[in-house]
Structure formats: structure tokens, C-alpha cells
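The values are calculated or read from the model by the stated rules, or taken from the named source; none is laboratory data. Quick caveat: nothing in here was measured; it's all calculated off a predicted structure. Neighbour counts are summed over all protein chains in view; Cβ atoms, including those assigned to glycine, are modelled from backbone coordinates with ideal geometry. Protein only, heavy atoms only, side chains kept; ligands, DNA and RNA dropped before computing areas. Shrake-Rupley method; radii C 1.70, N 1.55, O 1.52, S 1.80 Å.
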Amino acid sequence: MSAPDSAALDRIVEGLGYLGGSTVVADARFSAAEADGILPDDFYSTTNFDTYVRVGGVWHAARDQRMDCALVLRDGLPHCVR
């Protein structure tokens, strides 16, 4: 999905509610890992498709995009890590 700006993307996401998508547009929630190599419950496993994450009210492309990784915040931006 793409949009010319974050406000337009928010409207698109809100419009997907009738398909079962959440109508709440909110920032992604990040949790601390218990230890290296242990991921929190309900973590998101990335795909090979472009991934965008809402942080601080702004949509950001996940850095170092690759499949089967976790998203980690580094300097306020989402990064894919193994």
C-alpha cells in the first residue's frame, strides 16, 4: 500500500475496517526483549514485502528489509534484525 503522505495513508488504513482491519490508526507498540535471541510474545515477523511502521505519528519504511526478522527501534526508526 502506498500514499502520497502519512495523513493519506491513515485515511486508507481507516477505510479498511469493513474488511476486518483495525479502524484505529495508532503507533506501533514495541516491547523489550527478555534477552538476545528471545523475542517478546506477539512480535511481528517481517516479510519480503516493503514494511512501514508508524512511530511518533509518522510512517517509516523498515530499514534493512528482509524476510523472517523482527523489527527493532534504533534511533527512533524501525530496523529489521535477525
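Data overview
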read-out: Conditions (1) surrounded by 10 or more Cβ atoms within 10 Å (Cβ to Cβ); (2) on the phi < 0 side of the Ramachandran plot; (3) modelled with pLDDT of 85 or more: number failed by residue 57; value: (2)
read-out: Any pair with Cβ under 8 angstrom, 6 or more apart, that starts in region 66-78 at a residue that is on the phi > 0 side of the Ramachandran plot and ends at one that is outside any loop (DSSP other than H, G, I, E, B) and not charged (D, E, K, R); value: 76/55
read-out: Region 18-53, subset within 13 Å of the chain's Cα centre (by Cα) and open to solvent by less than 40 Å² (accessible area, probe 1.4 Å), residue farthest from residue 6 (Cα to Cα); value: 46
read-out: Odd one out for residue 75 among (1) at pLDDT 90 or above; (2) buried (at least 17 other Cβ atoms within 10 Å of the Cβ); value: (2)
read-out: Scope region 3-13; condition open to solvent by 90 Å² or more (accessible area, probe 1.4 Å) and assigned to a helix (DSSP H, G or I); matching residues; value: 11
read-out: Selection from region 58-68 of residues that are over 12 Å from the mean Cα position of the chain (by Cα) and not aliphatic (A, V, I, L, M); value: 64, 66, 68
read-out: Hits in region 8-38 - residues which are modelled with pLDDT of 75 or more, hydrophobic (A, V, I, L, M, F, W, C) and over 24 Å from residue 72 (Cα atoms); value: 8, 12, 16
